[in-house]
1. Tell me what the chain gives for mean residue ellipticity at 222 nm when only DSSP H runs of n ≥ 4 count, each as -39,500 (n - 2.57), the sum divided by the residue total, rounded to 500 deg cm²/dmol.
2. Return a whole-number percent for the relative contact order of the chain, with Cα pairs under 8 Å and 6 or more residues apart as the contact set.
3. Ranking request for peptides 239-248, 436-445, 525-534, 667-676: highest mean number of other beta-carbon atoms within 10 Å first, then the rest in descending order.
4. Stretched out fully, how many nm does the piece from Arg116 to Trp499 gain, at 0.36 nm a residue minus the Cα gap?
5. Tally Lys and Arg at +1 and Asp and Glu at -1 over the other residues with C-beta under 14 Å from the C-beta of Arg792: what net charge comes out?
6. With only Lys, Arg, Asp and Glu charged, each at its Cβ (+1 for the first two, -1 for the last two), find how big the charge dipole of the chain is about the Cα centre; round to the nearest 20 debye.
7. Along Cα→Cβ, 7 Å out, is where each label goes; now give me the distance between the ones at Phe507 and Ala328 in nm to one decimal.
8. Explain nothing, just the number: dipole magnitude of region 557-666 about its Cα centre with +1 on each Lys and Arg Cβ and -1 on each Asp and Glu Cβ, in debye rounded to the nearest 20.
Amino acid sequence: MPAASASGSAAQQVAPPAVSRHGSIWPFLLLAGWVLGSAIQLQQGQLYPWPVYLLVLLPGAGLALLLARSRRGRALFRRMAWFAALLSGMLIGFALVGLRSAHYLARALPPELEGRDIELVARVTRMPQQSEIGVRLTLRPEAAWLNGAPVELPARVLVGWYGGSFPGASINPNESARPPAQVLAGDRWRFTVRIKAPHGHVNPHGFDYELWLWEQGVQAVGTVRLAAGATAPKRLETSWLYPVERLRQGVRDAAFERLDERRLAGVIAALVAGDQNAIERADWDVFRATGVAHLMSISGLHITMFAWLAFGLSGWLWRRSPRLCLLAPAQHAALFFCLLLAAAYAFFSGWGVPAQRTILMLATMVVLRWSGRRWPWPYVWLLACAVVVAADPWALLQAGFWLSFVAVAVLFASGRGAADAPAGIGSRLLAMLREQWVITLALTPLSLLLFQQVSVVGLLANLVAIPWVTLLITPLSMLGALLPVLWDAAAWAIRALSWYLQFLVEFPLVTVSTPAAPLWAGIAAGAGGVMMVLRWPLALRFAGLVWVVPVLLWPGARPAHGEFEVLAADVGQGNALIVRTAAHTLVYDAGPRYSLESDAGQRVLVPLLRALGDRVDLLLLSHRDSDHTGGAAAVLKMQPQALLLSSLEPEHELHRLRAAARCHDAAEGGQAWQWDGVRFEVLSPRSADYDGLPRSNTLSCVLRISNPRSAALLTGDIEAAQELSLVQRRSGAGAAGRSGLQADLLLVPHHGSKTSSSAALLAAVQPSLALVQSGYRNRFGHPADSVMQRYRDLGVPVFDSPRCGAALWRSSEPASVSCQRQARQRYWLHRLP
């Protein structure tokens, strides 16, 4: 949250002060309309044909021209001139974003190339991203062939070249060519790549991976292959065609070679070269909990700090030469070098979206100062906002955009900041303290709306971390690229900061979480946060606090007593379901482990549970396979009160985090209980199933959840033998002629594998609906066509993760499933037939 304060400080330093006299207001209404029209276009679920956007653009542009050309044109509208300007901006913004999107989408990967092995000659255009299982490469294809025939690929492709492995890896390294020791930016390679369209996980309140790739210009992803008869990977050329990326890579690698402690080198690599992936997950957890994560990447704070230093130094040097002062005023020259050097730093750090946004804001302020215009701050703020939206309309959907611009607005509106404080260290320190307090107070409601979490110790952490990182760690890290010995000093400074942050993170109640509130409550809370920091009468400030209350106390929706709901999270190839009753929550499986630093618990389940406001009572892990237990550790750490029920062997590593009870068939005295009028019953495994050395799938914990009207059956990875055993033991256990296995909702066993979903099981369960949790184009081929045909023959609709995203089923509406991909449909989301 305090990240945006840096942008605000820079804005105050560069922007002209507000004055009361100014020109016509219609150009600013045009800008406001532009932003609003762009925002409206981003809500489209499907794009119109491009001529439609052109037809929208023409009247908007004509109206703007009429308003701009003469007073007569503005007089034509008389009192409607303001509305005309707003409407004109909306039409222009909507149409231009639509035209850009249509043009971009027209160059997407042809569907017939998905899943095919393409022979590719391409150049590495960005610094490769290393991980423990391989490397990710951003490529610019130069030529591509399918079965010897040339094909057209998008201009930018993201490829994984995997060769390492780790326990529980979801990627089989034998299916990929092992990458060489080093792949360099600028290299030209020839290899075989299996290609597909970008397809991410779509969950409520989750990260939109496909939108992120859209903003990066990536329209295809793939994996380097070494199939029989395929072209072996070969480096064709090494060049400095991308010198900046090559230098970034050299600096990053040099930092890791210099420092033995990789976690310290990772922070330096993030601050200098913009490689956030170099920071270890444990450190990210501490940074987020203490509210300083914004300092550990190339953000507006670092760029504005660099711009401020460049402004001061270049101005001082310029004034030393009378000839240069005659050529141009020192202040104008300083502004030029300030912008130039800040842009160079942003470009070297990877030219990420936050860096682009900050440079555009600075450029807007510099141009205003050069022009001699002295606008009121709302006009300056709106112009900067419109410039950023014109360059990247999709930034409107990013949390960082709103945090930055709201912080800038708050600093402008609330009075002087540190930059305008009276001379003297004490006065400036007090001004900085006030500025940080204002930002923290104003952005807390917005952070709760965007992230459902805020750091309680954030103010204490940032008061030390902001000057420590910006004035000590970052300069030492940057200068270390020229004099590597300074990286040792930077490492010492990072270690000292880590001790302080670790001390803060040990406090009880380090973070506060609230359920996700509706948009109206978020807007009210944002307005209330701003009201509390403005120089208004005390009564109005307290009124702002009242506006914040709905977000702070929002209860979150839950099923009625006696009802339950099943939310199948979109985690890729794995199982993860959240079962909720009126007052209890059960998590069934925790999804896969994607890498040593990433799993479904950390990336999907923890944020989702936080947004729902859920306190997990029981984590049930069906069996030990990593696509079911990969995210369990993250869930258990977030939910210390949760009990653990599983079929895990006693020596499994998760037992070190939480003692677990073993699943047993309720008919043998195993687990069966009631929550809020809803019955939970474990149907498998039996005690005898644990004897010997059984395969993990055979020990899958099968759970039936029911009320008098509806039931759901969660099956794990049971196969035909276990299905037959269940049918034989439970087919006559029900009441009113119903099978003891009957369920309205069936979690398709083993992700739709050919070894499961036997005819006997389907006949006993008689499901009305079925869910398949599987990854898009997964290497196992789940769900199998033959299995899906069985469900089609019975007339059972099947909802799978790639087409549905997260799926929500309610016992009160047992005949329907709500799919997140359809509920949150946007034109950049990948669509499957």
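1. Values: 29 runs with 370 residues, N = 833.
Estimated from H runs of four or more residues: -14000 deg cm²/dmol.
2. Answer for the chain is 11 percent.
3. Working: 239-248: 17.1, 436-445: 23.5, 525-534: 21.0, 667-676: 15.1.
Packing proxy ranking, top to bottom: 436-445, 525-534, 239-248, 667-676.
4. Details: separation 383, 0.36 × 383 = 137.88 nm, distance 5.03 nm.
132.9 nm is the gain from fully extending Arg116 to Trp499.
5. Residues close to Arg792 contribute a combined charge of -2.
6. The calculation lands at about 3340 debye.
7. 4.7 nm
8. Using only the charged Cβ atoms, the result is roughly 380 debye.
The values are calculated or read from the model by the stated rules, or taken from the named source; none is laboratory data. Fair warning: this is a prediction, and the values are worked out from it, not measured in the lab. Backbone-built Cβ (ideal geometry, glycine too); neighbour counts: all protein chains shown. Each accessible area value is taken on the protein alone, full model and side chains, heavy atoms only, with ligands, DNA and RNA left out. Shrake-Rupley method; radii C 1.70, N 1.55, O 1.52, S 1.80 Å.
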